[in-house]
Every structure is written in C-alpha cells, then in structure tokens.
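Read through the structure below, which is laid out as structure tokens, and then see the notes.
The values are calculated or read from the model by the stated rules, or taken from the named source; none is laboratory data. These figures come from a predicted structure and were not determined experimentally. Cβ placement follows ideal geometry from the backbone for every residue including glycine, while neighbour counts extend to all protein chains displayed. SASA here: full protein model, heavy atoms, side chains in, ligands and nucleic acids out. Shrake-Rupley method; radii C 1.70, N 1.55, O 1.52, S 1.80 Å.
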There are 2 protein chains.
Amino acid sequence: MPLMKSWVASANSAETPFPLNNLPYGVFSRAGEDPRCGVAIGDMILDMAALEAAGLIALDAEAVFDLPFWNQVMELAPEVWAKLRGHLHAMLVDGSGDQATIAPYLVPQADAQLHMPFMVSEYTDFYAGRQHAQNMGAILRGSPDLPANWLHIPIGYNGRASSVVVSGTQINRPNGQTKAPDADMPSFGPSKRLDIELEIGAIVGTPSEFGAPVTVDQADAMIFGFVLLNDWSARDIQAWEYQPLGPFQGKAFGTSISPWIVTKAALEPFRVPTPACEKALLPYLDGTIDGLYDIALEVLMQPEGAAKPTSICKTNAKRLYYSAAEQLCHHASGGCGMNAGDLLGSGTISGPEKSEFGSLMELSWAGRAPFTLDTGEIRTFIEDNDTLILRGAALGDGYQIGFGTCTGKIRPAVKFPA
Amino acid sequence: MPLMKSWVASANSAETPFPLNNLPYGVFSRAGEDPRCGVAIGDMILDMAALEAAGLIALDAEAVFDLPFWNQVMELAPEVWAKLRGHLHAMLVDGSGDQATIAPYLVPQADAQLHMPFMVSEYTDFYAGRQHAQNMGAILRGSPDLPANWLHIPIGYNGRASSVVVSGTQINRPNGQTKAPDADMPSFGPSKRLDIELEIGAIVGTPSEFGAPVTVDQADAMIFGFVLLNDWSARDIQAWEYQPLGPFQGKAFGTSISPWIVTKAALEPFRVPTPACEKALLPYLDGTIDGLYDIALEVLMQPEGAAKPTSICKTNAKRLYYSAAEQLCHHASGGCGMNAGDLLGSGTISGPEKSEFGSLMELSWAGRAPFTLDTGEIRTFIEDNDTLILRGAALGDGYQIGFGTCTGKIRPAVKFPA
C-alpha cells in the first residue's frame, strides 16, 4: 500500500509518523483547556470533541470525544471503529469536499500537551520475547535454557495499572528492599539497577464476559490498538522480592506509554506470522491470523546536558514469539473477564545481536559489560537525570505508521522514611 | 464496649451480625430497582439513596449514595467517614428523635438482593499467613522453611480486579494448562485441584500520590474497611504456570468477597498487635498502631443436595504476621500510587492446628489426606456443585461485628475450545 495523500500538507511527507494511513488517537489540550480526544494528522491534531460539538461527527447518542480518554469509543464495537476510520479518511483525504469545513478544527501539535490516551483498566505484562528470556536465563541462572513452560504458555503476570503514565512523565527512582547475596539482612533504599524494557502494548477494546473464554481469532478482533511501552524495572528490588509470587515493587513505580494509540487497522498492512513453534502449541491457542507486526523499534539514552541522545538498541516487534491475540486468548482461557482499556505489555523485545537487546540488563550483561554513550559517558544501568526514549514505526512504501516517542526522565529517589 | 442499643429491634440481639456497633456498607436493590448504597442494621437495610434524595443526609454537594458503589464516599476523606458514622448512629440509636422520620427508609434484607459494594480499582493479594506459608513449603518443597524474604517483606502480587465478584456469584471451574511431573507435554482442561483461600480483604479509601510513599500509620489511616475474601485457586494450573513470574490464570477465574464493607471504625475495639517479629523489620515498616484484628473466621463446605454445610476450618484473623497497613506501606514504598477501591487480600489465614487450616491444599495435605464431610462424602479438593462458605465476626461483649457470609458455588467447566 502506498502513501495516501491528505490535504493536510505535513501528512504527505515520508518522514511524518502520522500520514493519512495512520490516524492515531490521543488526548490533548492547549493551555487552559480541558483534555479531550484528538486524531494526529501530519503535524496537526484534529479536535474530535469540537467536531462532535459542531455536529460534524456522531458515533453515538452520547458524546464520546469530549472526554479525556478513548475508552468510550473502544466500547462501541469494531464495526463502529471501522466507521470512524472511514469518516476520518473521507474528511482528510486529498480532494475531500470537507476540507473547508474541517480545516478550522485542526490544532497544531506544537501548541498541544498530550495526556494519557485512555484509562488503563488493568495492566498485564507478558514475557513473549524469546531472546530476552534466553538472555535473562543466561545472566541470572547461567544457562540460556528457557523455563520449562515457556514454549507452551504465553507467560504473563498482572502489573499495576496505576503506575502507567504517558510519555514525558518523570519517574522517581524507586526505593525498595534489596539484599546482596552475601548480606545477612536486606536494606531499604534507592534502586541501584534501574532498567528499561522495550515493549509494545496492546489495548483491549471489546470486553469479554466473566467466565467465558475467547479464541485467538476472537481475541484479535477485540484488540483496539497499540502503543510503545517502557516497563521500567528495578532489577535489584525484583531479584529479592520475586520468589515465590513474581515481580511486585520492582515494576510498580512507573510504566510509560507513547501518547498516540496506533489502531490495529492502521497496522494491517504490516502483519507478519509468529515464528514457527519449536513445540506445537495446545489447540486452545490455535488461530488463523498473522498476529505479529513488522514495527522497527529503537531505544535511545540521553544523559542530563547531552545535546542529543545515543541510540543503544535497534530491533523489531516481529522478534516476538507469541502474539497479543495469543496472549489475550490465554489471559481469558480460565474465565478471566477482559475489559475495554486493558493494557497487555508484549514482554521485552530483543533480537539475536547485542545491538538488538531491549533492556540494559542485557546490553550491559547485568553490569558486567558497561557501554559508552556518544558523549563518552559510561553506563551499565540508568543514572539520575538520564532520559530514555523509545521510538517505533512500521515502515511502508514511502510512508510510515509512527507511534511518536515514549520518553521518561529518571529523577533522584525521594527520601523515605523521612 | 457493650452492645449499643438501637430502636431497630432486630439489631439488639447478641446473634445479629449487624448491631448498631457495626453499621456496614453495602449495595442493594429490590426487584425492578437500581442498585444503590445501603447500611445494614439488624435484619434491615437503611436506604441511603432515598435518605439523601429526601434531604435527610448530605455528605457532599453531589449525590454520593444513589450509586451502585461506595467509592464516592471513600474519596471524601476520613473526617467525612467519621461524620457519616456519627450521623448514622444518631439516627438509629435507641431513643433517637429521628425514629419516626427514618423508619420509612428501612428495607427488609429478606427483600433485597446484594451487589458488589464497591468498584475494585485494583486487586493485590498478599501472603501474610505464616502457618500457611510454612504449610505450603512443607507440601510443595518438603520443608516448612519460609522463603528467604518472607520475614522481611510483606510479600504480595498483583491479582485481577475483573475477577472479584460478590458473594453468591457462581464460579465456573476454570480450564487451564497443567502438566504432570512425568508428562512430556502439558494439557489443557478443567482444573482438578480447585481450592479456596480464607482471607480478609482491606479496602483502600484514601488515595496516595504516584511517586510518593506512605508510612505504616498513614497507610492505616487510608484504609476504609474490610470484607471476607475467598481467593479461589486452581493449584494444578498455578503449579505449572507460576515460575518465573508468579500466579496468573490459577487465580484469575474468581475471587469472592462478602457483600458488606465492615468499616475500620466498627473494628476499632478489636485491634490487636502483630506478633513479635522473628527478625526486626526494616525501619520503613515501623508503625505505632496495632494493625491486626481479632476476628473469628470459619469455612464451611456444602455438597449439592446436603441439608447443611460442614464446618471444615475455624481460625482467627489475628493469626496473620503482617498487617494490612504494613502491606499497604510496602505496596506504595517504591512510589506506586494507591486509589480508592484498591482491594488488598491478606493472604491465606491458617492457625497451627489442622482445624485452623484455611485452604483445602492444607486441610487435605495436597490431596494425600482426604477428609470426610458430615454427609459422609469424602473430599480432597472442590467437586462440581460444591458450595464453599466463609463466615467471620469480631466477638464483643454481648454483640458481634459480623461480615455476613461469603459464598460461592462451583459450576462445571465450560467446554473450551468448542
């Protein structure tokens, strides 16, 4: 599929993350305004709340866009999602008769602040990156062998929804309990092994019923869209706490997402199959769809005062072993009800080369192999006032489906107890 | 403190769970009505929405009781909680001048259906029962030794809020992946080791800020009230899935809570200290409050067709090692923001004697020691159409602060895949 041209000139560049092919959904405001729904097109935002108020778009009897989240739209079912995308395309396509009517509803992105694009109902984090799982095994257990269940279960755990924040939100270095292997007692203080995890987040749009499982194909149809996701991780806190019930405070101090929900529809041309299974999956995980996406991903690190960030990882979302649809099917397989706004992290995405490792744990091999930034500074884990940046885009023929950036700056830990 | 007498005659019995000393909060409806907030008194419910509509009680400029949850009240701060309790006491106390005015707003409990009393924002399950942790070690690892971190961390994991249901909701036996130790491959089907966990749930009322920890004393002040909680568990699913990221589908098919929120204020006379620490807790977990409560607990099991249930466990909430306030302090210690409606499960409560074990895993010692019900039926784990019942009450001088019951019947698994 080629670039689809819009009368919004900035949307027709090969470099814009937001051509007419994309049309991602966010929540924005200008100074003094209430946050509301908008759609990115080139370097502009289409003010959906204002369009709705003017009677130029109506999805439902009630207002669904004059809200600081897209959850109401998600709940209107996939047919309505398709109808909305059709309306937006017709309004914004080059040669549209609506241009004069619609143009006044465009707001420059440069003037807008972006907010959380949806209310996170619950947050689940998976572990679907095979290279990452093997690297973690090699680092932590001395063997790249996968856990016994890894090739059978799309392993996941429940994360903390209240910790999910939009790109740009600063994160406090967490305090927590840690214990050195040779120490008698644990101690409490700022994490010394603060890390990122490069992930894609899938957003559930259509709910499922409590007690009722869904197939992989049904699960795929339930997904509304995707964001970049940085699952900030305190490795030293996690190491001491995680047996026997899994990660808790090591993952609860912040999870950053990119501000634009890239719809599943926009990513359709970039679907790729999951890799051949080393062991056949159980039949309940069978599906007919290509569940992964070819999305180029990059991680950059920028110390305080550096003129520009250093690229430290380049990989691709197609490196995953399990798809979001398989994860969602497994999630509901015992009867767990899923809701609009549920966020599913893919798990850390790493490729086979070191340049493709999606966490500092892997890039510095647990601190044993420090790396050098363009500024000459040395890093193993994150230092105070470092900024971490995730970027992602599906690369089409003369256009891209971009996610925008997912950034976060680490502030020094707060003093606790006082 | 003795029984406080009410003009509602049924509230003055030593047997009622709901004397004037209690005043728990629930959500109810009669046939054809919308669910709304009510307060239990004896065998009646005070219709708070109707009282508010009549101008007889006002906590806020907006209606807070004509809603199917108590979250709005929780968010009004502890001073308002105290004011509400004072108003209710004054209205319902024996000799109150309000009797004639208030009496028309009482609804018989026998006519009402009870609903979820609050919206669960997020659900966290802890592991604070020492005897339970030792029993599980003995059963699963052949040693009652606690995990290395157990005496230092109030261990918890994030559960699934969408799986929390009110007492009386039937639960489907979950399908899931399991693998016998000697099997080559896992299989998918109905759990064969379906269990309960006897717990107390603490409900957060006052939020904490993202990035900001709270002390144990602050955490105690944030707690709004308590419910009985049955953390249904599929032991075979859990055993295969839980390494390395903790329980997931083994715990996601249902968590039942009792329908009345017993306020922290009602339980004040029953506070008891946590037991002496075997190892000193780190200073961030220091507090000045007595964080546990003396609450008698019982579990009963009733097979389909049995005239009455068999009591299978009697224990007490004071058997816990960590308090809800300590758990909440730990939960927020890395900066995790807490919200009104967050539900914290205590962890399974077991005492030292077999008659005090709060799960079937312990009562049947992983199925090796079947037990006999009053009907003569034998059990290890739960069979289809069995009903499990939790009961709890703090026993005062001639009165009790009861929770009502927390019941659930297990239905056969759904067929999946079709």
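Along the charge dipole of region A:358-418, pointing to its positive end and built from +1/-1 on Cβ of Lys, Arg, Asp and Glu, which listed residue (A:Ala418, A:Tyr399, A:Ser364) has its Cα farthest out?
A:Ala418
Using a 1.4 Å probe on the heavy atoms of the protein chains only, list every residue of region A:176-222 that has 50 Å² or more less accessible area in the complete assembly than in its chain alone.
A:Gln177, A:Met185, A:Phe188, A:Phe210, A:Pro213
What shape does the protein assembly as shown take by its C-alpha gyration tensor, where a ≥ b ≥ c are the square roots of the eigenvalues and a/c under 1.5 counts as rounded, a/b above b/c as prolate, and the rest as oblate?
Cα axes put the protein assembly as shown in the prolate bin.
Under the rule of at least 5 residues apart or a separate chain, name every residue whose amide H is placed under 5 Å from the amide H of B:Ile261.
Those lying under 5 Å, H to H, from B:Ile261 are B:Tyr25, B:Gly26.
If only Cα atoms are counted, what is the Rg of chain B, and what is its Dmax, in Å?
Every Cα atom of chain B included, Rg and Dmax give 21.4, 74 Å.
What spacing in nm lies between the two simple spin-label points modelled at A:Arg411 and A:Glu268, each 7 Å away from Cα in the Cβ direction?
Modelled inter-label distance: 4.4 nm.
Report the local net charge at B:Thr215: Lys and Arg +1, Asp and Glu -1, summed over other residues whose C-beta lies under 15 Å from its C-beta.
Working: positive: A:Lys415; negative: B:Glu209, B:Asp217, B:Asp220, B:Asp286, B:Glu326.
Around B:Thr215, the surrounding residues sum to -4.
For chain B, set up a Gaussian network in which alpha carbons nearer than 10 Å are linked by springs, and say which option among B:His152, B:His132, B:His115 fluctuates the most.
Judging by the Gaussian network model, the answer is B:His152.
Tilt of helix B:78-92 relative to the longest C-alpha principal axis of chain B, in degrees (0 to 90, nearest 10)?
60
Report, as an integer, the average count of C-beta atoms from other chains found within 10 Å of each Cβ along B:249-259.
Working: counts 9, 1, 3, 9, 8, 6, 0, 0, 0, 0, 0.
Average neighbour count from other chains, rounded to a whole number: 3.
Which residues of region B:319-338 end up with at least 40 Å² less accessible area in the presence of all protein chains than when their chain stands alone, using a 1.4 Å probe?
Checking the loss per residue gives B:His330, B:Ser333, B:Gly334, B:Cys336.
Full extension from B:Ala61 to B:Ala180: what is 0.36 nm times the residue separation minus their Cα-Cα distance, to one decimal in nm?
36.9 nm
In a Gaussian network model over chain A where Cα atoms closer than 10 Å are linked, find which of A:Ala54, A:Ala128, A:Ala40 has the largest mean-square fluctuation.
Greatest mean-square fluctuation among the candidates belongs to A:Ala54.
In chain B, which residue puts its Cβ closest to the axis that turns chain B onto chain A, and how many whole Å away is it?
Its Cβ sits closest to the axis: B:Gly246, 1.
Choose one answer from B:Ile200, B:Ile261, B:Ile102: the residue with the largest mean-square fluctuation in a GNM of chain B with alpha-carbon springs under 10 Å.
Comparing B:Ile200, B:Ile261, B:Ile102 in the GNM, the peak value goes to B:Ile102.
Once the label point is set 7 Å along the Cα-to-beta-carbon vector, what list of distances in nm do you get between B:Glu33 and its counterparts in the other copies?
Distances to the matching label points in the other copies: 4.5 nm.
If you take the square roots of the eigenvalues of the alpha-carbon gyration tensor of region B:223-300 and sort them as a ≥ b ≥ c, do you get rounded (a/c under 1.5), prolate (a/b over b/c) or oblate?
oblate
Which distance in nm do the two modelled labels at A:Thr288 and A:Lys314 give, with both placed 7 Å along the Cα-to-Cβ direction?
Result: 3.8 nm between the two label points.
Using the alpha-carbon atoms, what tilt in degrees (0 to 90, nearest 10) does helix A:130-141 show relative to the longest principal axis of chain A?
20
For label points placed 7 Å from Cα toward Cβ, what is the shortest-first list of nm distances from A:His89 to its copies?
Output for A:His89: 6.6 nm, nearest copy listed first.
Please report how far the C-alpha centroid of region B:103-133 lies from that of region A:79-109, rounded to the nearest whole angstrom.
48
Can you tally the net charge around B:Gln243? Count Lys and Arg as +1, Asp and Glu as -1, for every other residue whose Cβ sits under 13 Å from the Cβ of B:Gln243.
On the way: positive: A:Arg141, B:Arg141, B:Lys179; negative: A:Asp145, B:Glu241.
That works out to +1.
Just tell me how shielded B:278-285 is by partners: mean number of partner chain Cβ atoms within 10 Å of each residue's Cβ, no decimals.
Average neighbour count from other chains, rounded to a whole number: 3.
For region B:283-418, rounded, prolate or oblate, judged on the Cα gyration tensor with a ≥ b ≥ c (square roots of eigenvalues), a/c < 1.5 rounded, else prolate if a/b > b/c?
prolate
Return the distance in nm (one decimal) between the two label points of a simple spin-label model at A:Thr372 and A:Glu353, each offset 7 Å from Cα along Cα→Cβ.
That separation, rounded to one decimal, is 2.0 nm.
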